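Participant: Pasting a structure here, questions to come.
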Amino acid sequence: MVSRQTDPLAVLARVPSLAAAPRHVTELPGGLTNRNFKVTTPHGVFVARVFSDDAGLLAIDRDDEYRNSRIAAAAGVGAPVIEYRPADRVLVLGFLDGRTLTNADVADPATLDRIAVGCRTLHGAGRFVCDFDMFDVQARYLAAASGARIAIPAGYDKLIPAFAAARSALAVRSEGTVPCNNDLLAANFIDNGERVWLIDYEYSGNNDPCFELGNIAGECGLSADALAALVAAYYGRPRTSRIARAELFRLVSRYGWTLWGAIQHAASQLDFDFWSWTMERFDVAASGFTSPTFARLLACVQDED
């Protein structure tokens, strides 16, 4: 991870778009694979993302993040991209005025409607330069964790058959992939009162749109009814098979991100309880994969509405 001893002023002073004086720098909260700074200069207000230099274990490609961020910005749903300095591990974005959402905000029906609009806008953008498939990502994370002898939650391997069953069921009525953010926790929504912006594209890639919706539900703790409302807003009507698809992807995402947390627990220098984060996701996946309703989800995603 980015060292907490790194002097951001020394890094940011080398970035031409941020060099004008006087310059005011404030670190923003959040960021588990980078540090984010609000930088105010006479030329404007910006966000500088200073990247980790060891994101390989997490399958993050910063060049792809930059290119996909530009596509999202062109679609009118992502922040403007100002400058990319890979040698300095810095991406500079335009600062978006607005309120960072909380889980409670996301669950509000009016906000869910606007989140659905934002997702449809992103999903209708030009193709991203890479793909994101949680089944492939999970396999890479598992190989990385095994190769580095990283501890994973007890019982994780016992759920592999259920994970594989979900993959087979979801493949039956796949409608293809679209540009997805793939990491829309509440803090990655910025609401300016008129629209909801989607930020942070480090895990972005072309993916099933229902993964996006199910992952939002998982990250933001949405109830089953709230997820159903999000799916209905996204598709313009209730769709039973798509609700089931998003619910199944909620479990798939929790199972895959469990390994992300385990890797971070072992490798990160941040003062953050990654193991609790890991277990929260694993518990959701384990509960869902072993629930009597799991078989119903597998069947429902293969039906037509």
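Participant: For region 223-264, which positions are surrounded by fewer than 23 Cβ atoms within 10 Å (Cβ to Cβ), within 19 Å of the chain's Cα centre (by Cα) and without any contact (Cβ under 8 Å) to a residue 60 or more places away in the chain?
Facilitator: LEU227
Participant: Still on this structure, I have one more. Answer yes if at least one residue in region 183-198 is touching a Leu at 6+ places or on another chain (Cβ under 9 Å) and over 18 Å from ALA107 (Cβ atoms), and no otherwise.
Facilitator: Yes - at least one qualifying residue is present in region 183-198.
Participant: Kindly list the number of the only condition in (1) surrounded by fewer than 24 Cβ atoms within 10 Å (Cβ to Cβ); (2) within 20 Å of the chain's Cα centre (by Cα) that fails for GLU212.
Facilitator: Every condition holds for GLU212 apart from (1).
Participant: Let me ask something else about it. Tell me, please, whether a residue that is within 30 Å of SER268 (Cβ to Cβ) and either assigned to a strand (DSSP E or B) or outside the structural domain of ASP283 (by TED's automatic domain parsing) (or both) can be found in region 235-251.
Facilitator: No, region 235-251 has no match at all.
Participant: While we're on this one: State whether the residues of region 83-90 include one that is exposed (fewer than 13 other Cβ atoms within 10 Å of the Cβ), assigned to a helix (DSSP H, G or I) and not hydrophobic (A, V, I, L, M, F, W, C).
Facilitator: Checked region 83-90: at least one residue is exposed (fewer than 13 other Cβ atoms within 10 Å of the Cβ), assigned to a helix (DSSP H, G or I) and not hydrophobic (A, V, I, L, M, F, W, C).
Participant: Separate question: Listed residues LEU159, LEU112; which is under 20 Å from the mean Cα position of the chain (by Cα) and surrounded by 13 or more Cβ atoms within 10 Å (Cβ to Cβ)?
Facilitator: LEU112
Participant: When residues of region 164-211 are filtered for being closer than 21 Å to LEU93 by Cβ and either of a type outside the set (Phe, Trp, Tyr) or outside any loop (DSSP other than H, G, I, E, B) (or both), how many remain?
Facilitator: 25
Participant: A follow-up question, please. Give the residue that is nearest to the chain's Cα centre (by Cα), with candidates limited to residues of region 124-141 that are outside any loop (DSSP other than H, G, I, E, B) and surrounded by fewer than 20 Cβ atoms within 10 Å (Cβ to Cβ).
Facilitator: Only one residue fits best here, namely ASP131.
Participant: Is one or more of the residues making up region 175-187 modelled with pLDDT under 95 and over 14 Å from LEU101 (Cβ atoms)?
Facilitator: Yes, region 175-187 has at least one match.
Participant: Does region 64-75 contain any residue that is part of a loop (DSSP other than H, G, I, E, B), β-branched (Val, Ile, Thr) and outside the structural domain of ALA232 (by TED's automatic domain parsing)?
Facilitator: No: region 64-75 contains no residue that is part of a loop (DSSP other than H, G, I, E, B), β-branched (Val, Ile, Thr) and outside the structural domain of ALA232 (by TED's automatic domain parsing).
Participant: Among what's in region 142-163 and is free of Cβ contacts under 8 Å to residues at least 40 places away in the same chain and in a loop (DSSP other than H, G, I, E, B), pick the residue that is farthest from ASP64 (Cα to Cα).
Facilitator: ALA154
The values are calculated or read from the model by the stated rules, or taken from the named source; none is laboratory data. Worth saying up front: this structure is predicted, and the values here are computed from it rather than measured. Virtual Cβ from ideal backbone geometry, glycine too; neighbours counted across all protein chains shown.
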